[in-house]
Amino acid sequence: MKLDFQIIGGGLIGLSTAYALIKRGASVRIIEAREGIALETSFANAGMVHASLADPWNGPGVGRRLLGSIFGLPSPMILRLQALPSVTTWGLKFLKHATPARHWHATKANYQLANYSVNLIQNWREELNIEDDYQGLGLLKVFRDAPTLAKASALTNKLQALGLKAEYITGEEAAVKEPCLGPVTDRLAGAIYYPEDYKADAYAFCQGLATEIKRLGGEILTGVFVKALLSERGKVIGAGADAGDLCANTTIIAAGAHSTHVLRPQGVKLALRPVKGYSLTFEDILDENQTAPKLPVVDDALHCAVTPLGKSIRIAGTAEITGYNRSMPNARLRPLLEMLRAVYPELSQNIPLEDGIAWHGFRPVSADGMPFIGHVKPGLAINTGHGHMGWTMSAGSGELLANLLLGTSTELEASAFNPSRN
């Protein structure tokens with residue numbers, strides 16, 4: 001009997017989709033090109049689950065900031081000149097959706113998916129006894145100037161009407177929740193505390209899902225590179241891989257920013273491009289006998305996230321449009337350490353750059369800021385384009401696609417994520 005589903009991509013989205021399907025009784029195979037699961041963008045991300053940060057990166061004014069970044073001006077997103085030829089069409093759509101109305105439409109849809117997903121992730125964690133350093137202590141977003149705080153507060157107010165829980169606090173109150181912020185309290189205009197967001201290790205969560213998928217009879221192939229999809233009379237029947245042909249009733253592409261490479265030969269053109277992010281992880285630097293950070297902290301002015309994970313601390317930041325460039329020069333990594341020092345000057349004063357474990361990942365960013373979830377043609381479906389919200393949206397996206405593919409009712413309105421949208 002032919003396999004029901006196979007999924008190309010063994011990261012958070014692929015694993016979540018596989019689990020959502022297999023626990024409903026479907027037969028499932030995951031095909032992962034790397035030597036193990038979750039070694040790309042899911043491996044060393046910021047370590048946060050955060051429905052509060054559902055707004056896409058193409059907010060109003062992003063075009064001006066991207067242009068300035070070419071000339072070296074500070075910007076949360078950096079556009080490299082060499083990437084321009086490959087992002088022209090996507091970039092125009094990205095800017096088209098940067099109006100207030102369109103940005104809010106995407107933010108609203110993302111929040112609803114993220115909120116649904118956060119609850120599912122917690123349920124899966126508890127049901128499967130996944131140990132991923134989860135600590136549900138909330139998340140702090142700190143601001144260094146009043147205008148930016150006011151802008152963020154206006155968006156948070158709108159999301160609160162949809163169910164988001166948030167508290168507006170002073171810099172001094174932020175240091176009460178996270179004492180390690182004490183040395184920079186006088187530089188903070190204020191903060192927003194999101195009690196339902198939290199920190200955990202995404203890679204460990206993936207390992208837990210993979211264990212359960214295999215226990216339920218699922219197949220996980222690693223080190224298998226898909227060369228092309230196989231079609232017969234207009235229907236995708238499987239994938240041609242370096243290990244041979246792999247067939248299934250439905251093939252799902254969940255390969256993050258690399259999804260476009262597999263889909264393009266099938267005539268499926270997604271407005272999706274890679275946006276490179278970096279992280280530095282400093283292991284075993286948090287002494288249990290001293291005051292150590294407990295909460296994940298997002299610094300809006302520095303455009304970075306600092307997350308304690310066990311005895312380690314991770315700093316993640318930058319959004320660089322540079323194609324699939326895998327280089328990690330010190331010129332890109334050094335600013336991360338500088339950001340860490342700006343957030344926790346006492347903790348990080350004696351940490352050298354060389355002690356950090358460097359990582360990068362290609363976030364799959366859609367032009368309109370929302371993921372693509374659903375059928376694209378007979379025998380072919382996709383689940384990609386989650387941008388910086390991959391882990392947060394993973395379980396919800398997997399459940400939503402499973403419902404669509406199996407013809408069962410969905411708890412969410414799926415039209416916003418339809419891959420055929422303009």
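General remarks:
- Filtered residue count, segment 65-90, keeping only those that are surrounded by 13 or more Cβ atoms within 10 Å (Cβ to Cβ), within 17 Å of THR318 (Cα to Cα) and without any contact (Cβ under 8 Å) to a residue 24 or more places away in the chain: 5
- Condition check for LEU137: in a loop (DSSP other than H, G, I, E, B) and over 21 Å from the mean Cα position of the chain (by Cα): no
- The set of residues in segment 323-347 that are outside any strand (DSSP E or B), hydroxyl-bearing (Ser, Thr, Tyr) and either surrounded by fewer than 17 Cβ atoms within 10 Å (Cβ to Cβ) or without any contact (Cβ under 8 Å) to a residue 40 or more places away in the chain (or both) contains only SER327.
- Any hit, segment 240-261, residues being in a helix (DSSP H, G or I) and aliphatic (A, V, I, L, M): yes
- Odd one out for HIS103, checked against (1) of a type outside the set (A, V, I, L, M); (2) within 23 Å of ARG314 (Cβ to Cβ); (3) at pLDDT 95 or above: (2)
- Test: GLY138 is under 27 Å from ALA20 (Cα atoms) and in contact with a Lys or Arg (Cβ under 9 Å, 6 or more places away or on another chain): yes
- Residues that are among the polar types (S, T, N, Q), in contact (Cβ under 8 Å) with a residue 60 or more places away in the chain and closer than 29 Å to PRO76 by Cβ within segment 260-287 comprise SER279, THR281, listed in sequence order.
- Top-ranked residue of segment 278-300 - restricted to ones that are assigned to a loop (DSSP other than H, G, I, E, B) and touching an Asp or Glu at 6+ places or on another chain (Cβ under 7 Å), ranked as surrounded by the most Cβ atoms within 10 Å (Cβ to Cβ): LEU295
- Residue list for segment 1-58, restricted to those being among the hydroxyl-bearing types (Ser, Thr, Tyr), modelled with pLDDT of 95 or more, in contact with a strand residue (DSSP E or B) (Cβ under 8 Å, 6 or more places away or on another chain) and crowded, with 24+ Cβ neighbours inside 10 Å: THR17, SER52
- Of all residues in segment 307-322 being over 24 Å from GLY256 (Cβ atoms) and touching a Pro at 6+ places or on another chain (Cβ under 9 Å), the one that is surrounded by the most Cβ atoms within 10 Å (Cβ to Cβ): ILE313
- Test result for GLY317, over 28 Å from PRO60 (Cα atoms) and of a type outside the set (Ser, Thr, Tyr): no
- Wholly within segment 146-224, helices (runs of 4 or more DSSP H) carrying at least 2 residues that are over 22 Å from PRO345 (Cα atoms) and of a type outside the set (D, E, K, R): 146-160, 202-215
- Among residues of segment 253-264, those that are in contact with a helix residue (DSSP H, G or I) (Cβ under 8 Å, 6 or more places away or on another chain) and surrounded by fewer than 21 Cβ atoms within 10 Å (Cβ to Cβ), counted: 0
- Checking each residue in segment 92-105 for being out of contact with any helix residue (DSSP H, G or I) (no Cβ under 8 Å at 6 or more places or on another chain) and of a type in the set (Gly, Ala, Ser) picks out only ALA101.
- Pick from segment 38-92, criterion of a type in the set (D, E, K, R) and in a loop (DSSP other than H, G, I, E, B), ranking: nearest to GLN160 (Cα to Cα): ASP55
- ASP145 vs. criteria crowded, with 16+ Cβ neighbours inside 10 Å, acidic (Asp, Glu) and touching a residue at least 40 places away in the same chain (Cβ under 8 Å): no
- So GLY267, is it surrounded by fewer than 20 Cβ atoms within 10 Å (Cβ to Cβ), at pLDDT below 95 and not polar (S, T, N, Q): yes
- Taken as a whole, the structure places TYR193 among residues that are under 21 Å from the mean Cα position of the chain (by Cα), over 19 Å from ALA395 (Cα atoms) and either at pLDDT 95 or above or basic (Lys, Arg) (or both).
The values are calculated or read from the model by the stated rules, or taken from the named source; none is laboratory data. Keep in mind that what you see is a predicted model, and the values were worked out from it rather than measured. FYI the Cβ positions are ideal-geometry reconstructions off the backbone, even for glycines, and counts take in every protein chain you see.
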